[in-house]
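To keep things clear, I will list the structure first and then write my remarks on it.
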Amino acid sequence: MEIEEKKYYEGIYRKNQKGFGFVKINEQEEEIYISKENSLKAFNEDKVLIEIIDDIEKENSKKEGKIIKIIKHEKDTVVGTFYKNKNFGFVVPDDKNFGTDIFISKSNFGKARNNHKVLVKIIKYPEENLKLKTKENKKKHFKGDKIKRQKTKNRKSAEGKIIEVLGGVNEAGVDMLSLIKEYKLPSVFPEQVVEEAKRYGTKIEESEIKNRIDLRNQTIFTIDGEDAKDLDDAVRVEKLENGNYKLHVHIADVSYYVKENSLLDKEALIRGTSIYMLGRVIPMLPRELSNGICSLNAGEDRFTLSCSMEIDQKGKVIWSEIYKAVIKVTERMNYKDVQKIIENSDKEVTKKYSKYIEDFKLMEELALILKNRRVEQGYLNLDIPESKIELDVDGFAINVSKYETTFANEIIEQFMLTANETVAEKFFWLDAPFIYRVHEEPDLDKVQELNKFLFNFGLKIKANKDNIHPKEFAKILDEVKGKEEEKVVSNLVLRTLKLARYEAENKGHFGIASKYYCHFTSPIRRYPDLFIHRIISKYLENNYDVPDNFIEKYTKQAEDRATQSSEREKIATKVEREAEKIKKAEYMESHIDEQYPGIVSSITSFGMFVELENTVEGLIRFENLGNEYFIYDEERKRLIGERSNKTYKIGDKVNIKVTNASKLLRQIDFEIV
């Protein structure tokens with residue numbers, strides 16, 4: 001939908017700490033640029049009304065708007081650091097895009113002391129709102145009406161009252177508690193919810209077993225990280241006489257315990273997903289369920305919603321069945337031990353699991369077939385290592401490194417992908433109310449922008465407006481595999497792709513090169529999985545013949561739940577990233593003046609970012625690039641020295657010195673050596 005001149009739109013304001021920002025309008029890809037002068041002192045994430053003031057399409061620039069009303073302040077509380085003077089104080093918000101420090105009068109200090117992390121209630125906003133009057137009583141969209149503007153009294157900064165002291169800035173655990181308060185995360189379960197979870201006890205209901213397929217005598221494994229406590233998937237692989245494979249994926253039947261509209265269900269919907277904050281988890285479900293009766297713990301009888309698939313020797317699923325089961329996991333395995341068994345690299349581990357060696361070899365065999373089929377279809381195998389941040393007993397960062405994955409991780413990944421696709425396709429053709437995991441193809445202009453970067457490496461993605469295919473991206477990733485620039489190119493490709501989200505309509509998954517995809521395999525920690533388990537269970541109960549009113553009711557629910565889950569996922573992702581930033585900065589605070597080799601990961605108009613081997617990223621500002629002026633070439637995203645013609649571009653190797661690191665500011669600064 002094109003934005004028409006002299007129209008008014010509602011949207012969410014995304015503020016930059018430099019004062020300007022952007023407004024996202026519903027159902028429109030393009031954001032509207034708002035200059036500092038036209039921001040009306042709106043805060044980050046405020047709901048605003050804007051007027052388009054420049055609707056002329058300019059190359060590489062956004063349309064411009066002006067905020068004419070703040071409809072709703074998103075934040076009424078802010079987390080920050082308190083600084084005290086004799087007669088007043090102020091709080092510097094953790095959210096650097098918030099827009100202003102918060103003035104605190106002496107009567108509103110509470111028990112806060114200098115350098116305390118605090119939660120502040122905003123009691124006055126620094127608004128310069130334009131009051132709007134229309135002929136027809138301030139109509140929402142002001143169609144055809146002339147607008148009179150009147151300025152209210154201008155206050156330079158917000159005013160607040162301290163309502164909670166979180167602790168000293170360097171006190172153990174205060175940094176993560178600050179994030180919880182900043183994002184209003186529901187970190188404690190209401191008592192009634194916990195009581196509801198406890199009522200299910202620790203043993204399955206014997207009377208329910210007769211309604212399920214009993215697989216307790218089969219050899220079934222869970223394979224997870226060593227620290228995992230909520231085990232929601234278990235697997236078994238068989239080789240059939242015809243040469244095909246039979247893959248069994250058993251998923252915890254959480255929907256059996258979390259009934260629709262129960263207190264547990266309502267709380268799970270509010271949370272949407274579990275959030276992992278480096279040593280602290282904010283789970284979607286109480287631990288009585290997530291680590292207890294729902295977790296597929298070895299040697300315990302557990303209820304599952306299972307998917308069995310016959311897969312031919314080319315990796316194609318030729319038959320599948322979804323059913324309710326009761327299982328007893330044979331062994332709780334971890335990725336490290338499974339990898340040692342596959343490689344035959346540890347005699348002790350091999351001896352311990354000697355009777356299961358053939359099971360794991362068969363898993364490896366099938367996973368390779370599935371992966372090769374995916375690669376042929378254009379599956380994007382982005383090699384972007386995760387960070388492994390080690391904490392001491394008090395929660396302080398003591399090491400940062402790459403999280404090393406092995407083929408054992410890929411075995412589970414391939415099996416889960418296959419189950420997710422199989423379930424999504426089956427229920428798509430049933431025309432059932434459902435939540436799909438959707439990942440649409442990237443915009444052509446973003447692909448063209450990516451090609452400007454790839455030019456530096458002699459690479460190019462072939463694409464036009466009618467044909468953007470994942471195979472083209474996969475070819476590029478394959479070409480850089482094992483090369484020094486692999487990580488940088490993978491990151492550039494990732495930035496080009498759209499964000500995956502949940503939708504009630506199937507639109508395929510570009511990154512997986514799949515026509516049908518959903519999240520079925522993690523109902524302990526994701527609400528969409530729990531929702532579709534309910535749908536699947538209803539179809540199974542009714543032998544796939546559900547009434548029309550069921551479809552009508554749950555189609556609407558699927559739309560609402562998909563939107564809510566996507567929003568909660570965005571918050572969870574943001575919190576997890578911020579937690580990483582804090583801990584990486586905390587770790588680097590003890591490495592000031594040390595030198596490291598790194599790779600240029602991004603170039604901006606204010607400097608360049610360099611990533612170290614351990615995944616830590618820092619900024620080199622222009623003044624720290626050496627004693628000459630550097631010109632920013634926006635077209636090629638590179639820096640050129642005015643005198644020496646020295647060029648810096650993405651993927652370049654550089655040596656840096658750490659000049660500053662601040663967990664409070666969540667940033668790390670480097671300079672070129």
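The values are calculated or read from the model by the stated rules, or taken from the named source; none is laboratory data. Keep in mind that this is a model prediction, so the values were computed, not measured. Neighbour counts are summed over all protein chains in view; Cβ atoms, including those assigned to glycine, are modelled from backbone coordinates with ideal geometry.
On the basis of being crowded, with 20+ Cβ neighbours inside 10 Å and either part of a loop (DSSP other than H, G, I, E, B) or among the basic types (Lys, Arg) (or both), does residue 471 make the cut?
no
For every residue, the table says whether it meets (1) surrounded by 20 or more Cβ atoms within 10 Å (Cβ to Cβ); (2) in contact with a Gly (Cβ under 9 Å, 6 or more places away or on another chain); (3) in the same structural domain as residue 383 (by TED's automatic domain parsing).
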site: 521; (1), (2), (3): yes, no, no
site: 526; (1), (2), (3): yes, yes, no
site: 532; (1), (2), (3): yes, no, no
site: 543; (1), (2), (3): no, no, no
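Looking at the range 425-469, which of the residues that are touching a Lys or Arg at 6+ places or on another chain (Cβ under 7 Å) and of a type in the set (D, E, K, R) is modelled with the highest pLDDT?
Step by step, filter the range 425-469, then rank; the result is 440.
Consider the range 321-349. How many of its residues are surrounded by fewer than 16 Cβ atoms within 10 Å (Cβ to Cβ) and of a type in the set (Phe, Trp, Tyr)?
1
Test each condition in (1) assigned to a helix (DSSP H, G or I); (2) surrounded by fewer than 18 Cβ atoms within 10 Å (Cβ to Cβ) for residue 492 and report the one that comes out false.
Residue 492 satisfies all of (1) assigned to a helix (DSSP H, G or I); (2) surrounded by fewer than 18 Cβ atoms within 10 Å (Cβ to Cβ) except (2).
Can you find, within the range 410-426, the residue that is surrounded by the most Cβ atoms within 10 Å (Cβ to Cβ) among those that are within 22 Å of the chain's Cα centre (by Cα) and among the charged types (D, E, K, R)?
Among residues in the range 410-426 that are within 22 Å of the chain's Cα centre (by Cα) and among the charged types (D, E, K, R), the one surrounded by the most Cβ atoms within 10 Å (Cβ to Cβ) is 421.
Suppose we keep only residues that are basic (Lys, Arg) and under 14 Å from residue 73 (Cα atoms) within the range 3-57. Which one would you say is modelled with the lowest pLDDT?
41
Can you name the condition, by its number, that residue 203 falls short on among (1) in contact (Cβ under 8 Å) with a residue 12 or more places away in the chain; (2) under 29 Å from the mean Cα position of the chain (by Cα)?
Just one mismatch for residue 203, condition (2).
Check 315, 299 and return the single one that is loosely packed, with under 15 Cβ neighbours inside 10 Å, on the phi > 0 side of the Ramachandran plot and assigned by TED's automatic domain parsing to the domain that holds residue 408.
Of 315, 299, the one residue that is loosely packed, with under 15 Cβ neighbours inside 10 Å, on the phi > 0 side of the Ramachandran plot and assigned by TED's automatic domain parsing to the domain that holds residue 408 is 299.
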